[in-house]
Structures are given as structure tokens and as C-alpha cells.
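Everything below concerns the one structure shown next.
The values are calculated or read from the model by the stated rules, or taken from the named source; none is laboratory data. Just so you know, these numbers come straight off a predicted model, no measurement behind them. Using ideal geometry, Cβ is built from the backbone for each residue, glycine included, and neighbour counts are taken over all protein chains shown. These accessible areas exclude ligands, DNA and RNA; they are computed on the full protein's heavy atoms, side chains included. Shrake-Rupley method; radii C 1.70, N 1.55, O 1.52, S 1.80 Å.
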Amino acid sequence: MKSLLALKKELYDLGNKEKAALSMRFFKTEKGQYGAGDMFLGISVPNQRKIAKKYQNLPLGDLHNLLMSKEHEFRLTALHILVLQYEKGEKNVHQTLVDFYLAHTERINNWDLVDASAHYILGHYLVHHKKENQALILLSKLAKSDLLWERRIAIVSTWAFIKNKNSYPTFVLCKLLLHDTEDLMHKAVGWMLREVGKHCGQETLSSFLDEYATKLPRTALRYSLEHYQEPLRSHYMKK
């Protein structure tokens, strides 16, 4: 059986100090920034995915160990493994993995960690195993959290609904997040709205923007309009 120690050694061996330094700047790890204190080894995401696939049968206890690590790549690799386990698991396994995921939200503590996991695990689970009103209760609770990462998990999880041609949960959460002060949330909201336009149709997105364009943070609005052509893009930006 592949061991946790072997996985850690493989990741350490792939570390690159120059890449680590670049990552620490890119992911805002200085004091007072959203990623303050995060430690990077400097490993590419494709290499982490390869290792995750190799060690995909690690037990949850080992994934807990990885998520509690200070090394960013340990946490991301753990989430890649969790996604793999979810994708090959049955309904009873899905429940266990979602419970594990929600118990570790404080350790899913950077935007790439959220974006690589939320819609694959929590989003898929809510689409396929819960009624929409049940899903919205949980997502709304996360969207109202004081923890930035739980709020981002909430909105990014709605991507699973969007891919299923359902924009409603995304619109509900966007309204809840209108006054969020974090730039990372503005970008996430705009990103999900853009995906609504892509998967559910521009008319669906426009119906939301007709009412909320003036209320959305400018970054969120700009992101949402990336697939719009002029002059319609300017029409909404000038509102």
C-alpha cells in the first residue's frame, strides 16, 4: 500500500525554491494578506495531480494529516485525492467525503484549493443527492460565514448546478454576496455569473444583470461580462 510518508517524500523531492518564492508572492502570503503564512514547496499542479492519482487510495486519516500541513502543496494534493475518491465512490461514500470536506474548510484556505475541489465534491453532491431547497440552506449558511474560504466554497460549488443548466442557486448566492468586501469573492461571483452565461444562455445572465448590474461590485460585473460583445458590455458597465 502506498504510504503517507512516501507521498510526502515525493512532493518534497519535486520542490523548487525559485518556483516556491514566486508562488508565495502570487498567492499573497505576506502578513495581512489572504494567504498570510502559507508555505510553498514550488511544485507544479500537473505533478501534484500525478502524485494524487498514484496515492488515490490513501485513507481519510492520512488526508487529514495532509490538510493540516503547513505546506500548500500537501493540502492541494490531499484535495486532488479527495476528488478522485469522490468521483469513483458510491452514494454512501459521497456522504462520508462531503462530511470530511466540510469538517476541514479552515484548511481549504486559498482560492486554488477551493476552486480545485468545491464544485467537484460539495457541488456535485448537492446537485445529485439533495433537493434544491436543502442545498440552498447549506450553501446560504456557508455564504454568510465569517470565513472567506467558506464563502468562496459556497459560490464555487454552484458551478455544479450551472453545468446542470440551473442558474437559480448561483443567483441566490450572488444576491447574498452583493456586499462582500473581499476582492476574491468579487472575482468568484463574477466568474460564476460568466459561467451562467456560458452554460445557461446569455439571456439568462442578462435577466439577472438587468436588475443587479448596478449593485454588483465592479470587479464582479466586469468578470461576468467577459463573453459579452460591444455595445452590450458597455451598456451594463455604464449602469
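With a ≥ b ≥ c the root eigenvalues of the C-alpha gyration tensor of the stretch 1-116, is it rounded (a/c under 1.5), prolate (a/b larger than b/c) or oblate?
oblate
Just going by the charge dipole of the stretch 153-224, with Lys and Arg at +1 and Asp and Glu at -1 on Cβ, which of Asn164, Leu176, Ser206 is farthest out on the positive end?
The Cα lying farthest towards the positive end belongs to Asn164.
Order Arg107, Arg151 by their accessible area, 1.4 angstrom probe, all chains in place, largest first.
These residues rank, largest area first, as Arg107, Arg151.
Any chance you could look up the accessible area of His227 with a 1.4 Å probe, heavy atoms only, rounded to 10 Å²?
100
Answer with one residue from Pro46, Leu60, Leu22: the one whose Cα lies farthest towards the positive end of the charge dipole of the stretch 15-69, charges on Cβ with Lys, Arg +1 and Asp, Glu -1.
Of the options given, the answer is Pro46.
Shape verdict for the stretch 151-239, please, from the Cα gyration tensor: rounded (a/c under 1.5), prolate (a/b greater than b/c) or oblate.
oblate
What accessible surface, in Å², does a 1.4 Å probe find on Lys9, ignoring ligands, DNA and RNA and rounding to the nearest 10?
We get 120 Å² for Lys9.
Whenever you get a sec, line up Val196, Val45 from highest to lowest accessible area (probe 1.4 Å, protein heavy atoms).
Reading off the accessible areas and sorting them downward yields Val45, Val196.
Hey, any idea what Rg/Rh is for the chain, computing Rh the Kirkwood way over Cα pairs?
My calculation of the ratio gives 0.99.
State the Cα centre-to-centre distance between the stretch 127-145 and the stretch 1-78 in whole Å.
Result: 29 Å between the Cα centres.
Which lysines, on any chain, are close to Lys175 with Cα under 17 Å apart, when same-chain ones fewer than 8 places away are left out?
Lys141, Lys144, Lys187, Lys215
Where the only charges are on Cβ atoms (+1 Lys, Arg; -1 Asp, Glu), what is the dipole of the stretch 52-96 about its Cα centre, to the nearest 20 debye?
Using Cβ point charges on Lys, Arg, Asp and Glu, the stretch 52-96 gives about 60 debye.
Which order do you get for His124, His179 if you rank them by accessible area with a 1.4 Å probe, largest at the top?
If we order His124, His179 from most to least accessible, we get His179, His124.
For the chain, with only Lys/Arg (+1) and Asp/Glu (-1) charged at the beta-carbon, what is the dipole magnitude about the Cα centre, in debye rounded to 20?
200
Probe of 1.4 angstrom, ligands and nucleic acids ignored: what's the accessible area per residue over the stretch 114-172, in square angstrom?
The answer is 41 Å² per residue.
So, with a 1.4 angstrom probe, what is the percent of accessible area on the chain that is carbon and sulfur?
The nonpolar share, carbon plus sulfur, comes to 52 percent.
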